[in-house]
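See below for the structure under consideration.
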Amino acid sequence: MNQVIMNSTDIEKSKQFYSALGFTLIVATEHYLRFACPDNGATFSLSLADKASDGMKVYFEEPDLDRKVAELEQHGFVFEHGPEDKHYLWREAELCDPSGNKLVLYWAGDNRLNPPWRVSAE
């Protein structure tokens, strides 16, 4: 998967927010934005709506998570929680975008695809 669409209640604020996070804006209209993620070719979009995307979290992988979170905090980003080690062997920090969409910056390393409890193909 390399594309997801989230709701945005304010396209201009979303454009500023995601650009400041380090994503590259590749499509912009008055009701739709698409960004490219650094280094991996994946994209995500925001579409103008009345409310945030309910019950959804979007995860962005960041190898140097602690450094990235500290850098973003210095630029005024507010995290609901800073980098934490999770029981499922991922390290995560969570924040919300201007529309209230939940975003998780994380690093899982090899555990993303190969956790100790991975089901073996038979």
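The values are calculated or read from the model by the stated rules, or taken from the named source; none is laboratory data. Quantities reported herein were computed from a predicted structural model and do not represent experimental measurements. Note that we place each Cβ from the backbone using ideal geometry, even for glycine, and neighbour counts take in every protein chain shown. Areas reflect the complete protein model, heavy atoms only, side chains present, ligands, DNA and RNA absent. Shrake-Rupley method; radii C 1.70, N 1.55, O 1.52, S 1.80 Å.
Summed over region 10-46, the residues that are touching a helix residue (DSSP H, G or I) at 6+ places or on another chain (Cβ under 9 Å), hydrophobic (A, V, I, L, M, F, W, C) and under 21 Å from R67 (Cβ atoms) give a count of 2. Please identify the pairs in which a residue from region 1-25 that is closer than 17 Å to F60 by Cβ and at pLDDT 95 or above has its Cβ atom under 8 Å from the Cβ atom of a residue that is among the hydroxyl-bearing types (S, T, Y) and in a helix (DSSP H, G or I), counting only partners at least 6 apart or on another chain. Sorted first by the residue in region 1-25, then by its partner, the pairs are S8/S14; L25/Y18; L25/S19. Take the residues of region 52-79 that are in contact with a strand residue (DSSP E or B) (Cβ under 8 Å, 6 or more places away or on another chain) and of a type in the set (K, R): which is nearest to N40 (Cα to Cα)? For region 52-79, the residue satisfying everything is K68. In this structure, N2 qualifies as touching a Gly at 6+ places or on another chain (Cβ under 7 Å), open to solvent by 40 Å² or more (accessible area, probe 1.4 Å) and within 25 Å of L113 (Cα to Cα).
If you go through region 33-83 and keep only what is without any contact (Cβ under 8 Å) to a residue 40 or more places away in the chain, surrounded by 11 or more Cβ atoms within 10 Å (Cβ to Cβ) and of a type in the set (V, I, T), you end up with just V69. For region 85-109, the set of residues classified as open to solvent by 50 Å² or more (accessible area, probe 1.4 Å) and either closer than 26 Å to D10 by Cα or assigned to a strand (DSSP E or B) (or both) consists of D85, R91, P98, K102, W107, listed by residue number.
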